[in-house]
Each structure stands twice: as C-alpha cells, then as structure tokens.
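All remarks here apply to the structure that follows.
The values are calculated or read from the model by the stated rules, or taken from the named source; none is laboratory data. Keep in mind that what you see is a predicted model, and the values were worked out from it rather than measured. Quick reminder, even Gly has a Cβ in these numbers, built from the backbone with ideal geometry, and neighbours come from all protein chains shown.
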Amino acid sequence: MRHLLAAAAALSATAAVAEPPVSAVRVSQLGLEPAAGQRVVIVTRAAGPVAWRVRDAGGRVVLRGVAPPARHAADAGETVTAIDLPQGLAPGSYRIEAGGAVSRPITVAARPFAPLLRDAMSFFYQQRAGVPILARYVQRPDLARPAGHVGETASCFAGVDERGVRWPGCAGRYDVGGGWYDAGDRGKYVVNAGISVWMMLDSYERAPASDALRDGALALPEAGNGVPDVLDEARYEIEWMLRMQLPGGARAVVATPDGRATRTIAAGGMAWHKLGDTVWAPVPIRVEDDHGTRALYPPSTAATLNLAAVAAQAARIWRDIDPAFAARCRAAAFAAFAAARREPAVYAEPRFTGSGAYEDAALDDEFFWAAAEIVATTGDPGALRLVERSPLARAASAATPGWATTGAAGTIAILRHPAAFPPVLVAAQRRALLASADAYLADDARQPYRYPAASGATQWGSNGDLLSRAVVLGTAWDLTGRAAYRAAARDALDYVLGRNPLDRSYVSGIGARPMRFPHHRFWGAGIDPRFPSPPPGALSGGPNDTAMSDPVAKTMAGKCRPQTCWRDDARAYSQNEVAINWNAALIWVAAFLDDTRGR
C-alpha cells in the first residue's frame, strides 16, 4: 500500500499539468521584479527592429517599444533580440507580444526571489543523512522518507582500486554520521561540502539581518531556536565535516606520489576525502533499501584545507551564538591547517568506483582560502604570511568560485573583513574581484541571450558555474553599488529560470516548463513512478557538451549546440544531476537579489 500511495503521488506531481510547448518569448519563468530593466528575449526571423507590447491581465497595453535587430546566438542556433523594459510594472500578470509571438502569462511580484530561496534551501534539509525527512517540513507528503545511514560508522577502503593497487584497510571505525548527501548519489565529500557551506555562510555574512534567512523563515526542525535558519542548516553539514577529521596521532594510508603503491603517513588533523559506496548504487533506490558497503577514502590535502577554511569561518560566525561550538571549530581549523602544511601534496585521484573522485592537483587556491579565513577569524600572523606570499595575492583576477577553484572564496573573505588584512592586500584583492566581474559584464553584453558567461563549450554543472559567477557579480555590487553588476547577477538567475534557448526552467517546481526528472536516487519518478518527483527548488546541472558520458548524452554528442545539449532525463547524469554546490550558488544569488530589491 505504501508503494501504491507513493506511486499515485509521484504520478500526480509529474502528470497533472501537461507541459506547454516552447515559446518564442524567453523570460524568467519565476517572474520579474517591479523595476525598470527587466529583460526578455524574443526568438525571431525578422530582419529589422521588432515592435513589442506588454498587456496587463485586462488586455490593456501598458508598455510598448521597438527592440533592436536580431543577433545570431551561435550556441543556440537561433536569431534573437533582447528587450530591456524601460520602466517597471506593478505587481500582477502580463503578456508580451513581439514578432508575432505571444508569451505565456508573466508574473511581476514585489519579492519574486523569496519563495525561490525557501524552496532552494529545502533541498539541503531533504539531502540530510542520518535523520528522517518529515512531512511537515517538505512541500509534499511523498517527499517524506525514513532516515538513511543512521549513526553511520565506517572504516577505510580495503581492496584493489581501479589501477590495480591493493589498499590494506584499517582496523578502526569512525563516526561519520549526518551531513548532506552530495548529489544524486549518496556519497559525502568534504571538498564539495566546503564550497557549499562557504556559500551558505557567506550569504549570511553579507546580510546577517536578512529576513529571508532569519530564524523561523525556513521549514526546518531547528526553526524557532533563536539561531538564523541558514546557520542551522549549515551547521548540520559542518558537524559532519568535523567528524571527518582524523584525531591527533592518527596514521593513514595514502597513494605514493607516482600512484603505483601506498604509503603510511602521520595524518592527525587531516580530513578523509570522502565517504561513499564501494559500488555504485542503482538508480533509483530508497534509503531504507540502500545497504551497500560504504567506506572512507584516503585523506587529502584539499579536503583538509576545505575543513580548515570552513571551520575558521564557522568559528567567526558562531563566536557569540555558541561559543563552545566556535571553540571546537577554531581548534579544528588550526589542526587542519597545520596538517595540510605538514602534508601539502596528498592528492585525491579517480581510482575508486562507487563515488565521485573530486580530484584536484592545484592547491594554491585552497591554501590561500584557508589561510584567509583563519586570518579573518583570528589574525594569525603565520596564516597572514601565507596569504601575502600566495600567487593569488597578486593575481590580476579572481577565478569563479567552485569546489576545485576556491581562491575567490579567500578573496571574498578578505573583502568582507578588510580590517584583518594589510590595506595594500585588500586593494589588490578588490581589483582582482572587480576585474573578474567586469569580464563577466563583457560576456553578458556579448551574449544574445544576455547571461554572464563566454560563448562556446558547456561543461558539467554549467548552471552552477553560471550562478557562481553571479556570486562574484553580487560581491562586486556590494563593493561598488554599481547597478550593472546586480543586473548581470539577475541575468544569470533569469537564464537558469527560463530565459534560455530551451525555454526551460532548470529549477524543479519553478515555472511553466521546469526540470522534472533529475538524476537522483530518491527523486526517481523519471525511471520508476513508485518514487517521488523532485521537490521545488532543485537546480539541474544544465547543458553539457564536453563530458557527455551518460547513455543519454552519448546519443547527443556532435548533434546539439552547446546551450541545447541537455535532456530532462533521470539517466542523463552528466546533464541533469543535482548537487549541493550548485544549489548553494542558487541560494546565494536568490538571497542576494531578495536582499537588494529596489536598489
């Protein structure tokens, strides 16, 4: 009976409303703000300027104008023109007529990003391991589920890896329960946890008084405890990250530098790189049926520095909220930072099946980030020397923040806490961040679809990368108040919400044509209707024409333009998976735009 009820709920969620056809009018399917400058893209074959009109719900024309001649969007294989509405619209429902096309209803709302933020934050609660997901905190009853991997303990991997190297395992077991499942799989990875938690905590640090992130704003078990809900959610993951730290005096087996054998190192203070299955679990599978063997995988310098950075950031934020927790985080940060300096080149590699590799052989950015967070929290002179000597201290620009490119997180930590750093360093970091933001503005202006990314190939997680660029743009707005930066950040979000070549909202449950069938072990209705469809607020990885490794993407290779290489298919893990780092960028941008509304 339970499975029949779940099947009925899943079918009703996915099939109750037929998906409308693709429209030539491309606009955020979430809706628009009541301010001038809202952007709409029209697909047209017209050779000259395109006349347009906006009608309200009563059919009255409230705005009209002429769009410039269309441009060719090579990444989409279309010709399009863009409209910048010259004045704001009152909250309500509207349609746009242009080039012979009529849009679907477009909502203008005073705070369009607040409900998106609430749903996007719910993603993290629903990815929690170790606790039941309760119906009263989720958007539909069929999303509730039992706890997965309750009180989880694990030992380190024992056996032969994919390169033929035998790993001896270890005698002990470690308490590594809790935390968030990373993505469509149920692995838990310290490096992806790091950038995800950083995004969440930075969103709080930039606007600690935001009512969208306050205590009681979200549907969480911890709501009402006197602590902002965004911090409660972040802490659930931080507690797990702290459990992934090896105790003082511990030893661990890692690969030799040539990767052909193993060696034993003093690993006290380091962090296990990941906890994951030893064999890929089937898709979909319920947590109560998921009993595959799981293991801890060798500690890495990258994971250790992620722990150091996030723990230092948490120590700063919880200093007055929970001094005991802050002290734990501070101690963990210093222990991890010392361990990483002792073992600066222990790299994760793609040599184990059953979970993602998250390999990274360039660690200057992780050292820079961790040191910057420690300085911002403690003023430690040794960490400050490392920051000042880092090549990133003199970089001309800041890379887009991501799990493998964390330097911008260090830059933003410096710019959020300038009093802790020498003025010359702060000035250099400001120039670097604004140089990146200006490059993104230039990309935005060149794109016929108006989004802040360069033309050309798309990669795994392109939507997350685009929203991470919006984090840089939002920070540039914080520094300067320049309206163009906020507008480009909004362009990034508008793109993932429907103003794109597929007329697709890549966020589940948002808009007329939302993503419905992600690659996910539980939200598996796209493969088995006995499983639920996704909750609102989950971001698809997005178009990907460079790493087309799944069975769906392989059939598309060489047959699609970069911005159209995507399918709403649960089997398309290289294009339609969901992940904590991508949703973390989504919540940062939604929170930023909500906080800066009207400015």
Single match in Arg416, Arg450, Arg430, Arg446 (criterion: modelled with pLDDT of 95 or more and touching a Ser or Thr at 6+ places or on another chain (Cβ under 8 Å)): Arg446
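Let's see how each residue does on (1) touching a strand residue (DSSP E or B) at 6+ places or on another chain (Cβ under 7 Å); (2) not hydroxyl-bearing (Ser, Thr, Tyr):
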| position | (1), (2) |
| --- | --- |
| Ala212 | no, yes |
| Ala219 | no, yes |
| Ala234 | no, yes |
| Glu237 | yes, yes |
| Ala271 | yes, yes |
| Tyr297 | yes, no |
| Ser300 | yes, no |
Residues of the stretch 200-245 being under 20 Å from the mean Cα position of the chain (by Cα) and under 14 Å from Ala312 (Cα atoms), which ones? Leu201, Asp202, Glu205, Ala234, Arg235, Ile238, Glu239, Met241
Could you please find all residues in the stretch 35-50 being surrounded by 13 or more Cβ atoms within 10 Å (Cβ to Cβ) and either in contact (Cβ under 8 Å) with a residue 40 or more places away in the chain or not in a loop (DSSP other than H, G, I, E, B) (or both)? Ala35, Gly37, Gln38, Arg39, Val40, Val41, Ile42, Val43, Thr44, Ala46, Val50
Residue match in the stretch 240-255 (condition: of a type outside the set (A, V, I, L, M) and buried (at least 20 other Cβ atoms within 10 Å of the Cβ)): yes
If you go through Thr107, Thr79, the only one that is under 26 Å from the mean Cα position of the chain (by Cα), more than 30 Å from Tyr236 (Cβ to Cβ) and not aliphatic (A, V, I, L, M) is Thr107
For residues that are under 23 Å from the mean Cα position of the chain (by Cα) and not charged (D, E, K, R), scanning just the stretch 258-279, find the one that is farthest from Gly356 (Cα to Cα). Ala271
Starting from residues that are in contact with a Gly (Cβ under 8 Å, 6 or more places away or on another chain), under 30 Å from Arg263 (Cβ atoms) and of a type in the set (Phe, Trp, Tyr), keep the ones in the stretch 158-210 and report whichever is surrounded by the fewest Cβ atoms within 10 Å (Cβ to Cβ). Trp167
Log entry, pairs with first residue in the stretch 367-378 being within 22 Å of Ala404 (Cβ to Cβ), second being crowded, with 24+ Cβ neighbours inside 10 Å and of a type in the set (Phe, Trp, Tyr), beta carbons closer than 7 Å, six or more apart or on different chains, reads Ala370/Phe337; Ile374/Phe337
Only one of these conditions is not met by Gly276: (1) touching an Asp or Glu at 6+ places or on another chain (Cβ under 6 Å); (2) within 22 Å of Val165 (Cβ to Cβ). Which number is it? (1)
Selection over the stretch 143-168 where residues are in contact with a Phe, Trp or Tyr (Cβ under 9 Å, 6 or more places away or on another chain) and either farther than 17 Å from Ala295 by Cβ or free of Cβ contacts under 8 Å to residues at least 60 places away in the same chain (or both) yields a count of 5
If you check Pro418 against the conditions, is it free of Cβ contacts under 8 Å to residues at least 12 places away in the same chain, touching a helix residue (DSSP H, G or I) at 6+ places or on another chain (Cβ under 6 Å) and in the same structural domain as Arg251 (by TED's automatic domain parsing)? yes
For the stretch 361-402, which positions are charged (D, E, K, R) and in contact with a Ser or Thr (Cβ under 8 Å, 6 or more places away or on another chain)? Asp364, Asp365, Glu366
Would you pick out the residues in the stretch 211-236 that are of a type in the set (A, V, I, L, M, F, W, C) and either touching a residue at least 40 places away in the same chain (Cβ under 8 Å) or crowded, with 23+ Cβ neighbours inside 10 Å (or both)? Ala212, Leu213, Ala217, Leu218, Ala219, Leu220, Val227, Val230, Leu231, Ala234
Looking at the stretch 155-171, is at least one residue among the basic types (Lys, Arg) and under 24 Å from Leu586 (Cβ atoms)? no
In the stretch 571-583, the residues that are of a type in the set (A, V, I, L, M, F, W, C) and either touching an Asp or Glu at 6+ places or on another chain (Cβ under 9 Å) or more than 18 Å from Ala281 (Cβ to Cβ) (or both): Ala572, Ala579, Ile580, Trp582
Looking only at the stretch 287-346, which residues are under 21 Å from Thr153 (Cα atoms), of a type in the set (Asp, Glu) and surrounded by 16 or more Cβ atoms within 10 Å (Cβ to Cβ)? Asp290
Tell me which residues, restricted to the stretch 386-410, are in a helix (DSSP H, G or I) and either under 19 Å from Thr304 (Cα atoms) or of a type in the set (Phe, Trp, Tyr) (or both). Leu386, Val387, Gly407, Ala408, Ala409, Gly410
Criterion (over 27 Å from Ile412 (Cα atoms), touching a Pro at 6+ places or on another chain (Cβ under 8 Å) and in a loop (DSSP other than H, G, I, E, B)) met by exactly one of Gly268, Gly292: Gly268
When the stretch 338-385 is checked residue by residue, the ones that are touching a strand residue (DSSP E or B) at 6+ places or on another chain (Cβ under 8 Å) and part of a helix (DSSP H, G or I) are Arg342, Asp365
